[in-house]
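A.B. asks: First the structure, which I've put down as structure tokens, then a few questions once you've had a look.
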Amino acid sequence: SKYKLGRMRILLKEPRSTLSWHRDPEPRLHIPIITNPGSIMVIDNVAKHMPADGTVTITNNTKFHNFFNGGEQARIHLVACVLENPFNENY
């Protein structure tokens, strides 16, 4: 109820794979379901691992970012588009 959400997806990232450096039109809400220590998201040159411990993370995907799964296990996240930017920045 805190955020207005749009499209929701379950995203799979295979082991030893990466996404390109890019920007999205809106922030994203992440709920990790399955992950490993080698799963890292980099936003604006800051690298972070999101553990699958029930934590919900809002990421500012309007900034340049990428993701890589350097582990041996697939990474699965529930991801939703956040329609109202909680970071108070211009798109």
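The values are calculated or read from the model by the stated rules, or taken from the named source; none is laboratory data. As the structure is a prediction and not an experimental result, all values here were calculated from the model. Positions of Cβ are backbone-derived with ideal geometry, glycine not excepted, and every protein chain shown enters the neighbour counts. Accessible surface areas use protein heavy atoms only, side chains included; no ligands, DNA or RNA. Shrake-Rupley method; radii C 1.70, N 1.55, O 1.52, S 1.80 Å.
A.B. asks: Taking loop as defined by DSSP and a crowding limit of 11 other beta carbons within 10 Å, which chymotrypsin sites (Phe, Trp or Tyr not before Pro) in the stretch 1-77 fit?
C.D. replies: Numbers: sites: Tyr3, Trp21, Phe64, Phe67, Phe68; in loops: Tyr3, Trp21, Phe64.
Qualifying residues, ordered by number: Trp21.
A.B. asks: Quick check for you: with a 1.4 Å probe and neighbouring chains kept, what is the accessible area per residue of the chain, in Å²? Mind showing how you got there, number by number?
C.D. replies: Details: 5520 Å² over 91 residues.
Solvent-accessible surface per residue comes out at 61 Å².
A.B. asks: A further question follows. Quick one: work out Rg over Rh on the C-alpha atoms of the chain, Rh as Kirkwood radius.
C.D. replies: On the way: Rg = 12.6 Å, Rh = 13.3 Å.
Value, to two decimals: 0.95.
A.B. asks: Might you report the magnitude of the Cβ-based charge dipole of the chain about its Cα centre, with Lys and Arg at +1 and Asp and Glu at -1, to the nearest 20 debye?
C.D. replies: On the way: 11 positive and 8 negative charges, 28 e Å.
Approximately 140 debye in magnitude.
A.B. asks: Moving on. For the chain, build the charge dipole from Cβ charges (+1 Lys, Arg; -1 Asp, Glu) around the Cα centre, then report which of Gly6, His22, Ile34 sits farthest towards its positive end.
C.D. replies: Farthest towards the positive end: Gly6.
A.B. asks: Continuing with the same structure: Can you compute the label reach from Gln73? Point 7 Å from Cα along the Cβ direction, backbone N cut-off under 19 Å, restricted to the stretch 32-56.
C.D. replies: 32-41, 48-56, by backbone N distance to the label point.
A.B. asks: Pop a pseudo-label 7 angstrom from the Cα along the beta-carbon direction at both Phe64 and Val46 and give the gap in nm to one decimal.
C.D. replies: 1.7
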